[in-house]
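Structure first, then comments.
Quick note: the coordinates plus some simple rules give every number you see, no bench work behind them. From a predicted model like this one, the values you see are computed outputs, not experimental measurements. So basically every Cβ, Gly included, is an ideal-geometry build from the backbone, and we count neighbours across all protein chains shown.
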């Protein structure tokens, strides 16, 4: 119990971020029309590609010569980039079509 | 100084994600919103590469990092540019899996890193292990599940379930949690290898979790896995105390969960029902037998019928998308309008393979936004409609959803096309739709069938109407 409380205390800023982000996430897309569900899902998909930052940090910390870690990290960065770049490009392509009809 | 600058980059990143998501939920600002979020992502990524430091030390291995970025960018852009609009759901699922795999791999490296240093460093806090294991488990489930969803959508993986699968899944999941908890609190150099057992277990669980879920429910599953990956990204954010990963991950986790629930609502089912009831993969119960005679309509009759109608509603389904017939469909619409016929489209929320998928496809063919009617609006219009033309849609117009409690789609809101005066159904054959059930609509006296590939049939129909 003691450890849990002290952990909460030490990381209270992070916990605030999490709690507020949950509400924000729900609020922000609350009134989305169903026409936009697919682009929204795709856009959100690109945003969680932010995990690539973790992959970059991991990779940048690996000591030169530790090839196993380097290769796994390399793979992680490639996959993360795919998620980010592919996600944003595909979303843009979908939304471009909505724009044309005006 | 530089590390402070990085904090600012992350703040900008977090704010752009929020603004981006907000703008994405409005039709006029959606495209800009996507670009805003992408710009924020770029700032965060390059900020990390050049400004990140730990104990005064910068990142190394720049060569590797940039090589990976370049490869990922080229492959990702090509895949996204080349994909056909009909295969969009597969691609989103695939990209989602990549994100999940990325999160899982981060956990693997961090785990190796920590256990290698464990002899010298002070004890690692439980919270760090918790983040590592959560990222590993959620990321792996998301990766394996998305791969299966991808395979199912493009038809490479078939529905599969065995007796007691739900029980097996639950036991497996409980096992993963227990083993993780055991390792978090009692990790020793001897039981380290069990970490990989958790990884394996999570991968297997991801596969088994998605395998029995029927094709019609796949959008819900992808959306759910999307929010899983968000949470996995947030776990990695915990690990590095990284605000932008936290906000990005949690935002997507929360928004994705809400979106999943909205999709379930559109099908009038609970999330639990989607996940446990294996829809379409072999419906149980005795459904009302659907038999009778259907009648065919000739192209010229269909052409006459539509040209002299006052109001025509087009109900597009996945069959239209598969046949790439959205452009011909638009042509038909323009032709009929010239003849003074009022034409509009009735779009079911889950038409196509993803919510809103059909709108994207029709937008691709330059169909005017105002002509697309959502389900409730369309259902009011059907009463005054002369001809409903159903193009490759099936389950979303199946009256069994309203009348047959034994039907697996019972309770799903449908487009009530039988209220119109005449219904013309274009299908390739009498084969049942994606949910694998017969459709009584086709045997009703006011319904006539126009068999053939949607594109070919529409082209002939257009030619026929022109020659009238």
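Side notes on the structure shown:
- Residue exposure proxy: B:300, A:6, ordered by other Cβ atoms within 10 angstrom of their Cβ from fewest to most, comes out as A:6, B:300.
- Note on residue B:342 and residue B:5: their simple-model spin labels are 6.2 nm apart, each label 7 Å out from Cα toward Cβ.
- Region A:39-102 and region B:444-468 have Cα centres lying 45 Å from one another.
- FRET efficiency for residue B:296 and residue B:156, using Cβ-Cβ distance with R0 set to 35 Å, rounded to 0.05: 0.55
- The angle between the Cα long axis of helix B:88-117 and the main principal axis of chain B comes to about 10°, on a 0 to 90 degree scale.
- Inter-chain neighbour count for B:52-64: the average number of beta-carbon atoms from partner chains within 10 Å of each residue's beta-carbon is 4.
- Residue order, fewest to most surrounding Cβ atoms within 10 angstrom, among B:58, B:427, B:32: B:58, B:32, B:427
- Taking Cα atoms only, the orientation of helix B:30-51 departs from the longest principal axis of chain B by about 20 degrees.
- Remark: spin-label model distance residue B:165-residue B:67 equals 4.1 nm, labels positioned 7 Å along the Cα→Cβ axis.
- Nearest-0.05 FRET efficiency for residue B:383 and residue A:27, computed from C-beta distance (R0 41 Å): 0.65
- Based on Cα contacts under 8 Å between residues 6+ apart, chain B shows a relative contact order of 13 percent.
- R0 of 25 Å, Cβ-Cβ distance residue B:124-residue B:200: FRET efficiency to nearest 0.05: 0.60
- Extension gain for residue B:308-residue B:270 works out to 9.3 nm (0.36 nm per residue, less the C-alpha to C-alpha distance).
- Degrees, to the nearest 10: B:126-153 long Cα axis against longest axis of chain B: 30
- A simple spin-label model places pseudo-atoms 7 Å from Cα toward Cβ; at residue B:443 and residue B:75 they are separated by 5.1 nm.
- Chain B: antiparallel DSSP beta bridges as a percent of all, rounded to 5: 10
- Ranking of A:96, B:338 by neighbouring Cβ atoms within 10 Å, starting from the fewest: B:338, A:96.
- Anisotropy class of region B:86-282 from Cα gyration tensor, a/c 1.5 cut: prolate
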